[in-house]
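These notes concern the structure reproduced below.
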Amino acid sequence: MKSLIEQMQILPPWNDDVKFETFITSYFNDLENTLSYDRFGRLGQKQFGLDIYSIEKKTVIQCKLKLIREGNDERIRKELIDELDKDFNSFLAYNESNKLGYNKFIFASTFYSDTHIATECSKRSTDTITVEYWGWEKIQSNLPEKVFKTY
């Protein structure tokens, strides 16, 4: 028997940053069976390259909502790679100066799964920090049923 997610149309990405961050927070809490993921700060505060964090999982997530329109893939890819650079460097400085010990940085986006962005994330991984790209297809393919029903 097919799951509810397989039976129904998968979620379209949002056009609201806060809703996307709230969704990703719920998504990772359910996916990793925890309640430790939370949004970092509030709108208007400096976030140091992170939108969501989990002290328990030593993970931070940077969310990038991108509205995809016909013919703008290359521009969005370039924007995302530029934002990855800026946000990841800001996160590294924040993580080190506060001695927080986060060891995983997830760059989550409503943009497609993309070899260029995934490669740029991999290039930033070190022995102490793993950097992953979660594009919209990957997010949908791991979508917990409880989160699907909520959103």
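The values are calculated or read from the model by the stated rules, or taken from the named source; none is laboratory data. What you see is a predicted model; the values in this text were computed from it and never measured. As a convention, Cβ positions derive from the backbone with ideal geometry for all residues, glycine included, and neighbour counts pool all protein chains shown. The accessibility values were calculated without ligands, DNA or RNA, using every heavy atom of the protein model including side chains. Shrake-Rupley method; radii C 1.70, N 1.55, O 1.52, S 1.80 Å.
Filtering the stretch 130-145 to residues that are part of a helix (DSSP H, G or I), open to solvent by less than 80 Å² (accessible area, probe 1.4 Å) and not charged (D, E, K, R) leaves Trp136, Ile139, Gln140. Quick check on Asp51: is it touching a Cys at 6+ places or on another chain (Cβ under 9 Å) and at pLDDT below 90? It is false that Asp51 is touching a Cys at 6+ places or on another chain (Cβ under 9 Å) and at pLDDT below 90. Tally up the residues in the stretch 122-145 that are basic (Lys, Arg) and at pLDDT below 95, please. Residues that pass the stated criteria total 1. In the set (1) open to solvent by 50 Å² or more (accessible area, probe 1.4 Å); (2) at pLDDT below 95; (3) assigned to a helix (DSSP H, G or I), the condition left unmet by Phe148 is number (1). Elements of the type helices (runs of 4 or more DSSP H) sitting completely within the stretch 11-129 and holding at least 2 residues that are over 24 Å from Glu145 (Cα atoms) and open to solvent by 60 Å² or more (accessible area, probe 1.4 Å): these cover 73-97, 115-124.
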